[in-house]
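Undergrad: Here you go, one structure.
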Amino acid sequence: MNLYLRYFSNETLVTNVEDALSFLESIDEIGLNERIANDVRMYFESENRFPKRYKVRPKIYFIMIKTDANSMEEFKDYRNRNSVKTTEGEVEQVEMAEVEEPPYHPNPAGYEHDFRRMRDRLYTNLYDERYGWYEGVFCFKRVVTIPVTGKNEYRDTRFVARCKAMSGIDCYNRIVDHLHERVDKRSQFPSARGKNFSFTFLGTCLE
């Protein structure tokens, strides 16, 4: 089993954990330490086949994906065959629109109960493996520049996209990767387990 790692535009495919750690150590922003090294070793040696988005510190992540591919070309060819092929990359953008505020439950008295029930259901389903098409919905805080003043501000933005994925968490990671390359890096994305991310399994094919 080989390991693909990516940090923004830096990427590699390695056959052992020591090469993976050497790659991470070469990136000063990650600040490789014993905690990160142990987590990478545990992931590499585990039976977990799900992609892992590792949080180094707030808004700083790197991606790890286990693969049977023996080269970067083989890995990317496999991903291209099993991902959405659009000019936007691996995720097909359906909608991105600014909203005045994140959506809230119309009945405040029952909101907390409904949210806990939704959170528990989402957590259960998030890691269920079922390969096919997913639609993910984000409400995130996007950093935009005001042309007149040149200053930046956060704007609540609703983003909807469809992609092929192995699970709800894989759908989440793919969409976050997509947005990381297209919006200001200071934008704030919701937790996969929070109320501002939801997903729907659409089936193994789309009409």
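The values are calculated or read from the model by the stated rules, or taken from the named source; none is laboratory data. For clarity, every value in this text was computed on a predicted model and none was experimentally measured. Every residue, glycine among them, receives a Cβ derived from its backbone with ideal geometry; neighbour counts consider all protein chains shown. Heads up: the accessible areas ignore ligands, DNA and RNA and are worked out on the full protein's heavy atoms, side chains in. Shrake-Rupley method; radii C 1.70, N 1.55, O 1.52, S 1.80 Å.
Undergrad: At a 1.4 Å probe radius, carbon and sulfur cover how many percent of the accessible area of the stretch 130-204?
TA: 48 percent
Undergrad: Also, I was wondering about something else. In nm, to one decimal, how far is the modelled label at ARG193 from the one at ASP77, with both set 7 Å along Cα→Cβ?
TA: So the label points at ARG193 and ASP77 sit 4.0 nm apart.
Undergrad: Could you compute how much accessible surface SER26 exposes when probed at 1.4 Å, giving the result in Å² to the nearest 10?
TA: Number for this one is 80 Å².
Undergrad: Continuing with the same structure: Once the piece of chain linking GLU29 and MET1 is laid out straight, how much longer is it, given 0.36 nm per residue of separation minus the C-alpha distance between them?
TA: 7.4 nm
Undergrad: Just the Kirkwood number for the stretch 130-207, please: inverse of mean 1/r across all distinct Cα pairs, in Å, one decimal. Could you put the intermediate results ahead of the total?
TA: Values: mean 1/r = 0.0749 Å⁻¹.
Averaging 1/r across every pair of different Cα atoms and inverting gives 13.4 Å.
Undergrad: Then there's this: Keeping the other protein chains in place, figure out the carbon and sulfur percent of the accessible area of the stretch 1-55, with a 1.4 Å probe.
TA: C and S atoms contribute 44 percent here.
Undergrad: Moving to a separate point now. Which length gain, in nm to one decimal place, applies between ARG130 and THR149 when the Cα-Cα distance is subtracted from 0.36 nm times their residue separation?
TA: Answer, rounded to one decimal: 2.1 nm.
Undergrad: Can you tell me which lysines have their Cα less than 26 Å from the Cα of LYS52? Leave out same-chain residues fewer than eight positions away.
TA: Candidates past the 8-residue exclusion: LYS66, LYS76, LYS85, LYS141, LYS164, LYS185, LYS195.
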